[in-house]
């Protein structure tokens, strides 16, 4: 495989035609991913799942960038002419580990992006046998602060150390030829072409969410990353999963198919017991005209719609909400349900109404963020004349008022992220399930 990579690299560096160079860059990246699939299946599956965009507008030879709620891998065809096969494999693995650690999402609003890049590179490079040129290492950090720093920490820990020591990264690194704000990279791996600025091997510029986009798509991005990583894990054979370092496996936070949480199994059972009108069936005789075989009979149709109210009061984290909705998404796919999601705090925010359609979480976003009123849910159901047979799921940490008027809505499941005795409502209608620790 490395022979094929070397051959493609030679063709890429020799090509002067922009269109041909773009095609060769695409093949070069694809060959690099295949080589990684043979070495580290999980990392290769992550790279395989990332859409690729080969463009001279990429801020680095390789760069992760957000396109709405989807993460893509941008590739600069000209900058790749300085990235040898060994360096390409190292750089691709480096990008995949950033995805596994969810770095492009976790630090999308950080103001000190130079420090963030330094911390994230330190965290992932410890799991690489070869470090890509232009990326920081733990040794670099130890030299900067003149003391030992533990290995195996999370990027957030390294970032805290950097901030605590008031390290002026760019000021120091300019002396050694390293610029960590997308201006260049060290060790001969910055790329300078006529009429173009220096292009680093790896750029984090696409991670930054600006303005209204900073929070608008965050939940959707979180769900997108979780689906991508779960699929990569499921495609990795069991034998090769055992080769994945424990720290990396823990970052995946995947939902194993064989161990769905207890509350999901309970909810699945309850969904099959809620009558919701009738539907035609030729497996039954028509009661009014039983001798007319061409007329269908009627059978009970069980609930196909689930109303989910999500506590947006501020004490529920984005990750917590997305993790719960992903589990509901599992039920929606397996039972062909239509799931309506409504955020609430002191009021139900109908403008934030979303649907889980086709087993895919659409652009769910937070609304409100004030105090919690469970009464607002039941008042909303009553005002909308929602059927009393509807199944209602309330995702909450349980902190609200003590007494409510349920307007006759009793098919309610309270999904608590805390302890059962922390639900403020006394004698709540329906059933209470605690998911803490599951």
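The values are calculated or read from the model by the stated rules, or taken from the named source; none is laboratory data. Computed from a prediction, not measured in an experiment: that's the story for all the values here. All Cβ positions, glycine included, derive from the backbone under ideal geometry; neighbour counts span all protein chains shown.
Among the residues of region 9-34, the one identified as over 19 Å from residue 74 (Cα atoms) and buried (at least 17 other Cβ atoms within 10 Å of the Cβ) is 15.
Taken over region 142-155, residues that are assigned to a helix (DSSP H, G or I) and at pLDDT below 90 amount to 3. Take the conditions at pLDDT below 90 and either exposed (fewer than 15 other Cβ atoms within 10 Å of the Cβ) or not assigned by TED's automatic domain parsing to the domain that holds residue 123 (or both) and apply them to residue 181. Does it pass? Judged against the criteria, residue 181 is not a match. Within region 227-241, the set of residues being in contact with a helix residue (DSSP H, G or I) (Cβ under 6 Å, 6 or more places away or on another chain) and either at pLDDT 85 or above or assigned by TED's automatic domain parsing to the domain that holds residue 327 (or both) comprises 228, 229, 232, 233, 235, 236. When 42, 48, 37 are screened for being assigned by TED's automatic domain parsing to the domain that holds residue 94, surrounded by 21 or more Cβ atoms within 10 Å (Cβ to Cβ) and modelled with pLDDT of 90 or more, only 42 passes.
Criterion applied to 333, 365, 323 was being outside any helix (DSSP H, G or I) and either modelled with pLDDT under 80 or crowded, with 20+ Cβ neighbours inside 10 Å (or both), and the one residue passing it is 365. Give the residue, chosen from 371, 398, that is in contact with a helix residue (DSSP H, G or I) (Cβ under 8 Å, 6 or more places away or on another chain) and assigned to a loop (DSSP other than H, G, I, E, B). Sole residue among the options that is in contact with a helix residue (DSSP H, G or I) (Cβ under 8 Å, 6 or more places away or on another chain) and assigned to a loop (DSSP other than H, G, I, E, B): 398.
Is there a residue being at pLDDT 90 or above, surrounded by 18 or more Cβ atoms within 10 Å (Cβ to Cβ) and part of a loop (DSSP other than H, G, I, E, B) anywhere in region 379-387? Taking every residue of region 379-387 in turn, none turns out to be at pLDDT 90 or above, surrounded by 18 or more Cβ atoms within 10 Å (Cβ to Cβ) and part of a loop (DSSP other than H, G, I, E, B).
For residue 123, state whether it is outside any strand (DSSP E or B) and buried (at least 20 other Cβ atoms within 10 Å of the Cβ). Yes, satisfied. Considering each residue of region 84-95 in turn, at least one proves to be in contact (Cβ under 8 Å) with a residue 24 or more places away in the chain, under 18 Å from residue 208 (Cα atoms), assigned to a helix (DSSP H, G or I) and in the same structural domain as residue 140 (by TED's automatic domain parsing).
Taken together, the criteria exclude residue 402 from residues that are surrounded by fewer than 19 Cβ atoms within 10 Å (Cβ to Cβ), under 18 Å from residue 338 (Cβ atoms) and at pLDDT 90 or above. Report whether or not residue 55 is touching a strand residue (DSSP E or B) at 6+ places or on another chain (Cβ under 8 Å), farther than 28 Å from residue 233 by Cα and surrounded by fewer than 19 Cβ atoms within 10 Å (Cβ to Cβ). Yes, satisfied.
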